[in-house]
1. Taking the range 24-47 only, how many residues are under 27 Å from residue 90 (Cα atoms) and in contact with a Leu (Cβ under 9 Å, 6 or more places away or on another chain)?
2. Looking only at the range 206-228, which residues are under 26 Å from the mean Cα position of the chain (by Cα) and either surrounded by 14 or more Cβ atoms within 10 Å (Cβ to Cβ) or acidic (Asp, Glu) (or both)?
3. Look at residue 142 and say whether it is closer than 24 Å to residue 27 by Cβ, in contact (Cβ under 8 Å) with a residue 40 or more places away in the chain and touching a Ser or Thr at 6+ places or on another chain (Cβ under 6 Å).
4. Would you tally the residues in the range 40-97 being aromatic (Phe, Trp, Tyr) and surrounded by 17 or more Cβ atoms within 10 Å (Cβ to Cβ)?
5. Taking the residues in the range 140-157 that are in a strand (DSSP E or B) and within 12 Å of the chain's Cα centre (by Cα) as candidates, determine which candidate is surrounded by the most Cβ atoms within 10 Å (Cβ to Cβ).
6. Just to confirm my filter: which strands (runs of 3 or more DSSP E) fall fully inside the range 87-139 and include at least 2 residues that are farther than 16 Å from residue 163 by Cα?
7. Is it the case that some residue within the range 158-173 is assigned to a helix (DSSP H, G or I), touching a strand residue (DSSP E or B) at 6+ places or on another chain (Cβ under 8 Å), assigned by TED's automatic domain parsing to the domain that holds residue 111 and not basic (Lys, Arg)?
8. Name every residue in the range 44-58 that is in contact with a strand residue (DSSP E or B) (Cβ under 7 Å, 6 or more places away or on another chain) and in a helix (DSSP H, G or I), in order of residue number.
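The values are calculated or read from the model by the stated rules, or taken from the named source; none is laboratory data. Note that this is a predicted model, so its numbers are computed, not measured. A quick note on method: Cβ atoms are made from the backbone with ideal geometry, for glycine too, and the neighbour counts reach across all protein chains shown.
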Amino acid sequence: MRPVFPFTAIVGQEEMKLALILNMIDPKIGGVMIMGDRGTGKSTTIRAIADLLPQIEVVSDDLFNSHPSDFELMGDTVKQKIENEEVILTSSINVPMVDLPLGATEDRVCGTIDIEKALTEGIKTFEPGLLAKANRGILYVDEVNLLDDHLVDILLDSAASGWNTVEREGISIRHPARFVLVGSGNPEEGELRPQLLDRFGMHAEIRTVKDPSLRVQIVEQRSKFDQDPYFCLEEYKTQQDALKQSILDAQDILPSVTIDYDLRVKISEVCGELDVDGLRGDIVTNRAAKAFAAYKGKKQVDVYDIKSVITLCLRHRLRKDPLETIDSGSKVKKVVNETFALDLDT
């Protein structure tokens, strides 16, 4: 295994790191869209969060990383074995981290059916695609704004439903495809269509670090890792283990986290004031606030939790006005400040 730069050694880019951590705690938030300048560590950070996560238990020799007991995360073959009371062998694997290349075809993404074998032998042989490999893991699309729109549609539909269906020549195969979709891109190379952007749960904007001392620190960290990656990993082992445990603890208490009705109304009030289309903004903000509260070890969401995540959840859902001078993130903070009567800078 090639060593991966430790997540806790990454300097700055707090928005991106928080969005990724919250999606690891609750994958149903809906993924992260990371837009920012070139060379700001987008890919490094995404690979680092995957390497940080604890191993998962899967059914041995299964094409879809099926969960041994959760029906929502297992393929039909495993379900049949359980119903027939057959013995299920399991093994532990690292959380899958799948890169989707820009030139990928639909068959490569979704998988395909061996038509010749199906016709000659009457056997449905499924050749899994990237969605199958990414089940229960992370699917990363670099330069997502350059990906064909129909492929982005497929990815977002699978991420939202948790299932992928392949239809070929009258043969249909359905398999679990529950993953955290992470896209990254440079705004200079083109924007995503608003209806596609809206499907990402959170949106993080990152900028090149301007502070000279921080830039030096980043360069030194990278140089140290390149010279001796294993020493660097050992140096950050304590921080890595602590963050890993925090994510596990947050996942455990997440189902018991609650959010008061009054706060839910305030969230919807903010979405209405910002003229956010649809209800995805309300749903994602509620989920993200619960995940943040769980990350902080709390079972009750408060205003601080909401203000910490709401900009990430709503910024990309605002209607673009070419004459608007205020930044979308600042606009969200302004409305939240007025609605919750809090100073967000404190």
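1. Looking only at that region, the number is 3.
2. Answer for the range 206-228, where residues must be under 26 Å from the mean Cα position of the chain (by Cα) and either surrounded by 14 or more Cβ atoms within 10 Å (Cβ to Cβ) or acidic (Asp, Glu) (or both): 206, 209, 218, 221, 222, 225.
3. The answer is yes for residue 142.
4. 1
5. 141
6. Passing ranges, in order: 90-93, 97-99.
7. Yes: the range 158-173 contains one or more residues that are assigned to a helix (DSSP H, G or I), touching a strand residue (DSSP E or B) at 6+ places or on another chain (Cβ under 8 Å), assigned by TED's automatic domain parsing to the domain that holds residue 111 and not basic (Lys, Arg).
8. Result: 46, 47, 50.
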